[in-house]
Amino acid sequence: MLINGKQMAGETLAKLREEIASKKLNLKMAAVLACPEGVEGLALKKFVELKEKAARSIGVGFQSYFFDENISENELIKEVEKISGDSKIDGIFIELPLPKHINIQNILDVISASKDLDALSKPLQDKFFSGDFSILPPAVESVKMILDKYSIDLRGKKIAVFGYGFLVGKPVAFWLDKQGAQVSVIRSKTENPADISREADIIISGVGKPELITGGMVKEGAVVIDFGYGRLRGPDFSSLTKGQDRKIEDPRFADSGFAGKTNRDKMVGDVDYDSVAPKSSLITPVPGGMGPILITTVLGNLVKLKIKN
């Protein structure tokens, strides 16, 4: 069964809209970006625009702060301190990644814990990893939402988590373990990862490597949650002359809207959807799966932090 992330997000936004109205909350959030011009920068700005659209749909104010990719770490720290200290701003998130010369954690730690929507600052990380789950990192909250919706009991379940990054793998694996699941973390140097994943009742991946997980790595009836978001290169037709056949034969692009187009790519997840979906009991697609759900968790944290503080 396909997990419809857009539908789940819509349901969550409706509940948040009702809660904000009933409690008469006046909320405003801020996004901080330091990104280059060009395709990469446009992609990051697009992600922020999606969050802004969701925020405004439930009555939350939104302010974006764009900085040049060449901004120094000290300058960005000062800017984020200023935004965090603004009494009119109730929540802040940093759109990642940041330029390579900037230490991400140093920037995240500038955000006041009472306004940290991604729960990535040291105070909130310390609370989370000490077992305080009152404010969950978005990836963890997203997994919890799916498990709750489909009434999945984690106790005794075997779970394979691909990747151990600070956004997905590490917090998700920790939380799952505390819920009584048998968690195996698969990293780049893990030997025989397919042997581990084939035993898993639930597979969760946040590696960012297109179609890493194939049907042969998944057992029948597994639940598959895919946080990955990568680009699968489309065929290059730049060398073809006018009039030549440009039809795409690769079946991975057959229903993607790329047929007959040049130099186009397809956005996919860590999971090879076509081979894994037939074997899974539940699976998130890419796009339209975890992305919309993640956005709602950021907004949910905004409401929780406002009420808590």
Query - Under 16 Å from LYS45, Cα to Cα: lysines that are on another chain or at least 8 residues apart - result: LYS53
Query raised in the report: Of the peptides 266-273, 189-196, how do they stack up when ordered by the mean number of other Cβ atoms within 10 Å, highest first?
Result: 266-273, 189-196
Report task. Name the shape class, rounded, prolate or oblate, that the alpha-carbon gyration tensor gives for segment 24-114, where a ≥ b ≥ c are the square roots of its eigenvalues, rounded holds for a/c under 1.5, and otherwise prolate holds if a/b is larger than b/c and oblate otherwise. Result -> oblate
Query raised in the report: Among residues other than SER134 whose Cβ falls under 9 Å from its Cβ, what is the net charge (Lys/Arg +1, Asp/Glu -1)?
Result: +2
Report summary line: Taking alpha-carbon centroids only, segment 90-104 lies from segment 157-185 a number of Å equal to 24
Report summary line: log10 I(q)/I(0) for the chain, Debye formula on C-alpha points only (no solvent), q = 0.08, 0.11, 0.16 Å⁻¹, two decimals, reads -0.39, -0.74, -1.39
Query raised in the report: Summing +1 for each Lys or Arg and -1 for each Asp or Glu, what net charge is found among the other residues whose Cβ lies under 15 Å from the Cβ of GLU191?
Result: +1
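Placing +1 at every Lys and Arg Cβ and -1 at every Asp and Glu Cβ, with all other atoms neutral, what dipole size does the chain have around its Cα centre, in debye to the nearest 20?
Values: 43 positive and 41 negative charges, 134 e Å.
Roughly 640 debye, rounded to the nearest 20.
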Query raised in the report: Farthest toward the dipole's positive end in segment 1-86, which of GLY59, VAL32, ILE71, given Cβ charges of +1 (Lys, Arg) and -1 (Asp, Glu) about the Cα centre?
Result: GLY59
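Would you kindly state how much longer the chain becomes between ARG17 and PHE66 on full extension, computed as 0.36 nm times their sequence separation minus their alpha carbon distance, in nm to one decimal?
14.9 nm is the gain from fully extending ARG17 to PHE66.
Would you mind counting up the charge near GLY208? Only other residues with Cβ under 13 Å from its Cβ, with Lys and Arg at +1 and Asp and Glu at -1.
-1
So what is the 222 nm mean residue ellipticity for the chain from helices alone, if each DSSP H run of at least 4 adds -39500 (n - 2.57) and you divide by all residues, rounding to the nearest 500 deg cm²/dmol? Provide the component values of the computation, followed by the final result.
Details: 10 runs with 111 residues, N = 309.
The helix contribution divided over the chain gives -11000 deg cm²/dmol.
Here, each number is a calculation from the coordinates, and none is a lab measurement. Remember, predicted model here, so these are calculated numbers, not experimental data. So basically every Cβ, Gly included, is an ideal-geometry build from the backbone, and we count neighbours across all protein chains shown.
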